[in-house]
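K.L.:
Here it is, the structure in full.
The values are calculated or read from the model by the stated rules, or taken from the named source; none is laboratory data. Predicted, not measured: the structure shown is a model, and the values here were computed from it. Neighbour counts run over all protein chains shown; Cβ positions are idealised from the backbone, glycine included.
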Ligand code: G7M
């Protein structure tokens, strides 16, 4: 794993890199297979529980989309074809291109916590109708107790990691943010562009915390996020959707910016809230997101599901 050269010099509590992340990993030597957590046929991703140096790891291996620039190279004598069917003018083949044209994307989470193992396992989901009161009584304490670490967010904000990937920054402590590629984007195909704007301020956990006092922040992100995507990638506002997730996976306010062509993960009706809608809703009613019943799905093995069940928010 590559680490920023000055990473180890950073001393502040919220800008550290764990020692495990300082090691370069260039193969799976030493990784032990534990079990397949999930095999997602749609995204062609395998989620694997592994052990490395006596600690848990989660590995996401994803078959990636073709690159327009290298497709031509596939049609060469180096590409081996093994016939699997032939009928009249139709035939199918297992295809084995050169390894440089056949890479997969791997995401490694190491050391992984039990929450990561839960997050990436196959599970049943249930629909929750979370009122403002449910949020205060149930969700908020869950967020505080069970939150995944925001360390990676603070590393970005402190320029400890991913500094070379920043697309745009407004450093203002109240209305500023950093716009950078989401870890899910390979940064090659701009029609699959997927960025996120991470706000500098640290007091906002999610959409639920927003009110009219945050309109300058939201409008600033909407305006500068879109204009910097136009300048850097030549993509117009009409091709971009900007949205929050509710619930998000990390409780530090961030907004997703995705190309309209991207079949974005988490763009379902029970997860995505468009930035423009959020701005308008707050303009009409400052406490809109404090009071609104928000509908989303929770996993059966998530402690939030049990908490909601006990609180009577889930109809079985
Ligand atoms: O669901 P939620 O709105 O919380 O989305 C969080 C997003 O953060 C996901 O789309 C992740 O792919 C992205 N993400 C997670 N991590 C740990 C990182 C990271 O270390 N760097 C970047 N650039 N994105 C990340």
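K.L.:
How many residues are exposed (fewer than 15 other Cβ atoms within 10 Å of the Cβ), at pLDDT 95 or above and out of contact with any strand residue (DSSP E or B) (no Cβ under 7 Å at 6 or more places or on another chain) if we restrict to the stretch 291-310?
P.N.:
Of the residues in the stretch 291-310, 1 are exposed (fewer than 15 other Cβ atoms within 10 Å of the Cβ), at pLDDT 95 or above and out of contact with any strand residue (DSSP E or B) (no Cβ under 7 Å at 6 or more places or on another chain).
K.L.:
Another question, then. For the stretch 185-206, check the following and say yes or no: at least one residue is buried (at least 16 other Cβ atoms within 10 Å of the Cβ) and without any contact (Cβ under 8 Å) to a residue 12 or more places away in the chain.
P.N.:
Yes, the stretch 185-206 contains at least one residue that is buried (at least 16 other Cβ atoms within 10 Å of the Cβ) and without any contact (Cβ under 8 Å) to a residue 12 or more places away in the chain.
K.L.:
Looking at the structure I just gave you, is residue 118 within 15 Å of residue 248 (Cβ to Cβ) and touching a strand residue (DSSP E or B) at 6+ places or on another chain (Cβ under 9 Å)?
P.N.:
Considered against the rule, which asks whether it is within 15 Å of residue 248 (Cβ to Cβ) and touching a strand residue (DSSP E or B) at 6+ places or on another chain (Cβ under 9 Å), residue 118 comes out as no.
K.L.:
Let me ask something additional. With (1) on the phi > 0 side of the Ramachandran plot; (2) in contact with a helix residue (DSSP H, G or I) (Cβ under 6 Å, 6 or more places away or on another chain) as the list, and residue 175 as the residue in question, which single condition is left unmet?
P.N.:
For residue 175, the failing item is (1).
K.L.:
Further, regarding this structure: Could you say which residue among 47, 33, 52 is in contact with a strand residue (DSSP E or B) (Cβ under 9 Å, 6 or more places away or on another chain), within 19 Å of residue 116 (Cα to Cα) and either loosely packed, with under 13 Cβ neighbours inside 10 Å or modelled with pLDDT under 50 (or both)?
P.N.:
33
K.L.:
Another question about this same structure. Taking only pairs six or more apart or across chains, which ones have beta-carbon atoms under 9 Å, a first residue in the stretch 150-175 that is within 15 Å of residue 197 (Cβ to Cβ) and away from the ligand (no atom under 13 Å from the Cβ), and a second residue that is modelled with pLDDT under 95 and not in a helix (DSSP H, G or I)?
P.N.:
Between residues of the stretch 150-175 that are within 15 Å of residue 197 (Cβ to Cβ) and away from the ligand (no atom under 13 Å from the Cβ) and residues that are modelled with pLDDT under 95 and not in a helix (DSSP H, G or I), there is no close pair.
K.L.:
Could you please give the count of residues in the stretch 63-106 that are in contact (Cβ under 8 Å) with a residue 40 or more places away in the chain and either farther than 28 Å from residue 27 by Cα or in contact with a strand residue (DSSP E or B) (Cβ under 9 Å, 6 or more places away or on another chain) (or both)?
P.N.:
Residues meeting the conditions: 5.
K.L.:
In addition: Against the condition at negative phi, at pLDDT below 95, part of a strand (DSSP E or B) and surrounded by 16 or more Cβ atoms within 10 Å (Cβ to Cβ), how does residue 128 come out, does it pass?
P.N.:
The answer is yes for residue 128.
K.L.:
Among the candidates 296, 288, single out the residue that is out of contact with any helix residue (DSSP H, G or I) (no Cβ under 9 Å at 6 or more places or on another chain) and more than 21 Å from residue 177 (Cβ to Cβ).
P.N.:
Going through 296, 288 in turn, the sole match is 296.
K.L.:
Give the residue, chosen from 245, 273, that is under 27 Å from residue 154 (Cβ atoms), in contact with a helix residue (DSSP H, G or I) (Cβ under 8 Å, 6 or more places away or on another chain), modelled with pLDDT of 95 or more and within 16 Å of the ligand (Cβ to nearest atom).
P.N.:
The conditions single out 273.
K.L.:
For residue 143, only one of the following conditions fails: (1) closer than 15 Å to residue 302 by Cα; (2) assigned to a helix (DSSP H, G or I); (3) touching a strand residue (DSSP E or B) at 6+ places or on another chain (Cβ under 9 Å). What is its number?
P.N.:
Residue 143 satisfies every listed condition except (3).
K.L.:
While we're looking at this one, here's another question. Has the stretch 139-149 got at least one residue that is within 13 Å of the ligand (Cβ to nearest atom) and at positive phi?
P.N.:
Narrowing the stretch 139-149 to residues within 13 Å of the ligand (Cβ to nearest atom): 143, 147-149.
Still in the running and at positive phi: none.
Looking through the stretch 139-149, none of the residues is within 13 Å of the ligand (Cβ to nearest atom) and at positive phi.
K.L.:
Across the stretch 1-30, what is the number of residues that are at pLDDT 50 or above and assigned to a loop (DSSP other than H, G, I, E, B)?
P.N.:
So the answer is 11.
K.L.:
So which of 254, 245 is closer than 24 Å to residue 146 by Cα and touching a strand residue (DSSP E or B) at 6+ places or on another chain (Cβ under 6 Å)? Steps first, answer last, please.
P.N.:
On the way: 245 fails: touching a strand residue (DSSP E or B) at 6+ places or on another chain (Cβ under 6 Å).
Being closer than 24 Å to residue 146 by Cα and touching a strand residue (DSSP E or B) at 6+ places or on another chain (Cβ under 6 Å) holds for just one of 254, 245, which is 254.
K.L.:
Based on what the data block shows, is residue 178 within 16 Å of the ligand (Cβ to nearest atom) and surrounded by 18 or more Cβ atoms within 10 Å (Cβ to Cβ)?
P.N.:
Spelling it out, residue 178 is indeed within 16 Å of the ligand (Cβ to nearest atom) and surrounded by 18 or more Cβ atoms within 10 Å (Cβ to Cβ).
K.L.:
Evaluate the stretch 232-243: report whether one residue or more is within 13 Å of the chain's Cα centre (by Cα) and buried (at least 18 other Cβ atoms within 10 Å of the Cβ).
P.N.:
Yes, the stretch 232-243 contains at least one residue that is within 13 Å of the chain's Cα centre (by Cα) and buried (at least 18 other Cβ atoms within 10 Å of the Cβ).
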